[in-house]
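This is the structure I want to talk about, given as C-alpha cells.
The values are calculated or read from the model by the stated rules, or taken from the named source; none is laboratory data. Owing to the predicted nature of the structure, the values given are computational and were not obtained by experimental measurement. Quick reminder, even Gly has a Cβ in these numbers, built from the backbone with ideal geometry, and neighbours come from all protein chains shown.
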C-alpha cells in the first residue's frame, strides 16, 4: 500500500495552542491540518444549551466558507435533544471524568491544510492570507527536533488498569444480569487505564501510536494542555452532499506474524456467531438512527460483516448510508445519532442508563467523536477509541478500552479482549 509520510509537528504544537491533525496515511485517503483559533467554545461539563452553542459556531463558520474542528465527548449525549429517560431523571449525577477533561472543545482554525486523495503534499484551503500561514509551512518543512524529556524515562509511568480483573468481572456480571432481564440486548462495557508522560511528549506519543496502528481515522487534537492522541479505525459519520454514511465496528481479532495463522484468525472472526450477532444489532441500531434524518426509503446497508485488517487487529466493519432530507442541519444529524451505537448498545437509551450505573464515572472524550465541518457543510467524524488523553500540564495520561457484551459473551474472553486492545497503547508508553 502506498502511504504518505506523517508530518513532523513537534515545533508547531509548541508554538500554537490549537492544532488538529486528522490523519489517514493511505494515499487514497484524505488528511487535514488545522492551526490556530479564530473563535472557540469549551464545555467543562454538559448542560442545557451547549449543543446550541456548538451549532452557532459551526453554522457561522460554514456561512462564511470557514471550517471548524474539535472533539465532542461521550457525555454530551445528556443534552443532545431527546428528553431524559425516567432513570436518567432520578439517578445520581455521574462523577466527572477523573482526568479533568472538557467534554467539548470545538473551534474555527485560522489555517487549514489538506492532503487531498492521491496527494503527498498539502495545500492551503483556508487562511492563505493569514499571518501564521508562513510559520505553519515552515514548521512542516523544518528539521526534526526531539523534545527534551522524551528520551529520558523520568516522568513516565506505564498505563495501569483502574479496575483489577475481579472488578471487571463483577461489572461484567452486572451487565449479564441486565441482559438476562431483557433490559438490554447488547452493551458496551469500557474499563479505564491511567499512566504518566512528560508534558513535552504529546507529539512523540502520537508519532509512536500512528506508526504502531496505521489507523485510517487517526487524529492529534490539541487545545492548550489537553491533547487527544487518537488511532481510531472507525468512522462515526461522514456527510458528502446529501449522502450520510456510518461505519460501525463490532468484532475484533488479534493479528499473528505467521501468515497462515493470521489468515485463520481473520476467517474465524468472519464466521463467529458471537461477533456477527454483536455487529448486526448495531447495524440495526444505526439504520434506525439514520432513518430519523433520512429521505424516505433511502437507508441502505452497503456492506455487512466486512472484514478489514489493520496493523494490530482484524475488525468486522459494516457500512450503512442514507440520503439526507433537504435542509437537515449538522445539529439535527447529531441529535439523531450521537453517541454512536457501537459504543453504547441496544436499545441505546437503556444501554446508556446501564453504562452510567455500572461504569460509575463519565467517559469524557472517549467514545465521543473528533472531526470537522468544512465550508460547504460536509463533515467527517470518527469514533474516539484506541486513544491516549494527555494532560501536558500534569502529565496524566488516560486511556479506555472495552467491548460489546451480549448473552453469548464470556467474562474471561472479554477481559482478554480489553488487554489486546490496550497493548498498542501501552507499547507507545514504553511498556512491552
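What about residue 324, is it surrounded by 15 or more Cβ atoms within 10 Å (Cβ to Cβ) and more than 21 Å from the chain's Cα centre (by Cα)?
Spelling it out, residue 324 is indeed surrounded by 15 or more Cβ atoms within 10 Å (Cβ to Cβ) and more than 21 Å from the chain's Cα centre (by Cα).
What number goes with the only condition from (1) over 19 Å from the mean Cα position of the chain (by Cα); (2) in contact (Cβ under 8 Å) with a residue 24 or more places away in the chain; (3) crowded, with 17+ Cβ neighbours inside 10 Å that residue 342 does not pass?
Every condition holds for residue 342 apart from (1).
Among the strands (runs of 3 or more DSSP E) confined wholly to the range 207-320, which include 1 or more residues that are modelled with pLDDT under 95 and farther than 23 Å from residue 373 by Cα?
The strands (runs of 3 or more DSSP E) meeting that bar are 249-254, 300-309.
Moving on to the next point. Go through (1) under 22 Å from the mean Cα position of the chain (by Cα); (2) in a helix (DSSP H, G or I) for residue 37 and report which single condition fails.
With (1) under 22 Å from the mean Cα position of the chain (by Cα); (2) in a helix (DSSP H, G or I) applied to residue 37, the lone miss is (2).
Okay, next question. Go through the range 400-432 and report how many residues are closer than 14 Å to residue 202 by Cβ and in contact with a helix residue (DSSP H, G or I) (Cβ under 6 Å, 6 or more places away or on another chain).
Here the count works out to 1.
Looking for something buried (at least 20 other Cβ atoms within 10 Å of the Cβ), modelled with pLDDT of 95 or more and within 30 Å of residue 274 (Cβ to Cβ) - is there at least one such residue anywhere in the range 153-165?
yes
Looking at 369, 427, which one is under 19 Å from the mean Cα position of the chain (by Cα) and in contact (Cβ under 8 Å) with a residue 60 or more places away in the chain?
Answer to the selection: 369.
Of (1) surrounded by fewer than 24 Cβ atoms within 10 Å (Cβ to Cβ); (2) within 18 Å of residue 172 (Cβ to Cβ); (3) touching a strand residue (DSSP E or B) at 6+ places or on another chain (Cβ under 7 Å); (4) modelled with pLDDT of 95 or more, residue 372 satisfies all except one. Which?
(2)
Given (1) touching a residue at least 60 places away in the same chain (Cβ under 8 Å); (2) exposed (fewer than 14 other Cβ atoms within 10 Å of the Cβ); (3) part of a loop (DSSP other than H, G, I, E, B), where does residue 183 come up short, assuming only one miss?
If we test residue 183 against (1) touching a residue at least 60 places away in the same chain (Cβ under 8 Å); (2) exposed (fewer than 14 other Cβ atoms within 10 Å of the Cβ); (3) part of a loop (DSSP other than H, G, I, E, B), just (2) comes out false.
Still on this structure, I have one more. Run down 179, 189 and say which single residue is within 25 Å of the chain's Cα centre (by Cα) and modelled with pLDDT of 95 or more.
After ruling out the rest, the residue left standing is 189.
Could you list, in sequence order, all residues of the range 379-415 that are over 18 Å from the mean Cα position of the chain (by Cα), within 30 Å of residue 154 (Cα to Cα) and not in a loop (DSSP other than H, G, I, E, B)?
Within the range 379-415, just 396 meets the criteria.
Let me ask something else about it. If you go through the range 87-99 one residue at a time, do you hit one that is in contact with a strand residue (DSSP E or B) (Cβ under 7 Å, 6 or more places away or on another chain) and either within 15 Å of residue 379 (Cα to Cα) or at pLDDT below 95 (or both)?
Taking every residue of the range 87-99 in turn, at least one turns out to be in contact with a strand residue (DSSP E or B) (Cβ under 7 Å, 6 or more places away or on another chain) and either within 15 Å of residue 379 (Cα to Cα) or at pLDDT below 95 (or both).
Hey, can you tell me all the residues within the range 40-64 that are closer than 20 Å to residue 379 by Cα, touching a helix residue (DSSP H, G or I) at 6+ places or on another chain (Cβ under 9 Å) and loosely packed, with under 13 Cβ neighbours inside 10 Å?
Scanning the range 40-64 gives a single hit, 52.
How do the pairs read when you match residues in the range 272-292 that are closer than 20 Å to residue 245 by Cβ with residues anywhere that are surrounded by fewer than 18 Cβ atoms within 10 Å (Cβ to Cβ) and at pLDDT 90 or above, using Cβ under 8 Å and keeping only pairs 6 or more apart or on different chains?
279/304; 280/304; 283/301; 283/304; 285/347; 287/301
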